[in-house]
Amino acid sequence: MGKDILMIVGDFGEDYEIMVPFQALQMVGHDVDAVCPEREAGDACKTAIHDFRGDQTYLEERGHNFELNATMAEIDPSDYDALVVPGGRAPEYLRNYDVVIETVQHFFETDKPVASICHGPQILAAAGVLDGYEMTAYPAVQAEVEAAGCSWVDGVTRDRNLVTGQAWPDHPEWLAEFLDLLGTDIEHGAVAAADD
């Protein structure tokens with residue numbers, strides 16, 4: 001049975017870290033509501049694509065318009081089974097919204113599954129929920145999340161209700177860990193080859 005999952009996004013969130021989990025979680029039968037403070041269902045958030053080309057940090061380019069399918073002001077976090085917090089630049093400002101902080105705190109207070117990647121843990125740090133966790137994030141965020149009380153791990157990490165990854169190249173392992181935490185049972189059927 002599919003879970004009801006909440007995803008908090010914002011302008012210039014990382015395109016892959018929003019689009020890939022949004023679509024992949026739906027593909028396996030979960031319902032995903034994507035919300036943003038001060039925006040309504042049907043509004044769009046602009047995304048950014050971060051690429052790694054051998055520089056000291058990533059290159060940022062304009063991504064897509066990602067359409068929200070729910071309104072943050074109208075949702076109740078207690079109606080959801082899990083939370084996804086993508087990265088990109090959006091967490092820098094999303095962590096300043098009380099509604100975002102209170103929503104994140106709900107998922108930790110009720111021990112519901114949370115998946116966060118890249119800069120997403122900046123929001124978790126601001127919410128004061130990381131004390132005692134082992135986790136990871138984008139390496140440039142390491143000092144910030146450690147200051148929030150976590151133990152840093154290189155690579156995808158699962159600790160209790162929290163699954164974290166460093167960036168979109170971690171998607172296969174990060175999503176697999178999150179699906180396992182959700183108890184998602186995926187049945188693989190045989191694919192018949194088309195007749196030549």
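Summary table below
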| quantity | calculated |
| --- | --- |
| FRET efficiency estimate (nearest 0.05) - Cβ-Cβ, Ser78 to Glu187, R0 35 angstrom | 0.70 |
| Sequence-separation-based contact order of the chain, relative, with Cα cut under 8 Å and 6+ spacing, percent | 19 |
| For the chain, radius of gyration divided by Kirkwood radius, i.e. Rg to Rh on alpha-carbons | 0.97 |
| Hz values of 3J(HN,Hα) by residue in the stretch 27-34 - Karplus curve (6.51, -1.76, 1.60), Gly and Pro given as x | 4, 9, x, 8, 9, 10, 9, 9 |
| Vicinal HN-Hα couplings computed from phi for the stretch 172-186 (Karplus, 6.51 cos²θ - 1.76 cosθ + 1.60; Hz; Gly/Pro x) | x, 6, 4, 5, 4, 5, 5, 4, 5, 4, 6, x, 6, 9, 9 |
| For Gly87, distant residues with modelled amide H under 5 Å away | Glu14, Ile117, His119, Gly120 |
| MRE, 222 nm, helices only [DSSP H, n ≥ 4, -39500 (n - 2.57), over the chain, to nearest 500] | -8000 deg cm²/dmol |
| Cα-based shape type of the stretch 59-158, given that a ≥ b ≥ c are square roots of the gyration tensor eigenvalues and the cut on a/c is 1.5 | oblate |
| Residues of the stretch 11-49 with amide N under 15 Å of a point placed 7 Å along Cα→Cβ from Asn65 | 11-12, 40-48 |
| Long-range HN-HN contacts of Ala167 with modeled amide H, under 5 Å | Cys118 |
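All of the numbers you see were taken from the coordinates with simple rules; none came from a lab. Please read these numbers as outputs of a predicted model, since none were measured by experiment. We place every Cβ from the backbone using ideal geometry, glycine too, and count neighbours over all the protein chains shown.
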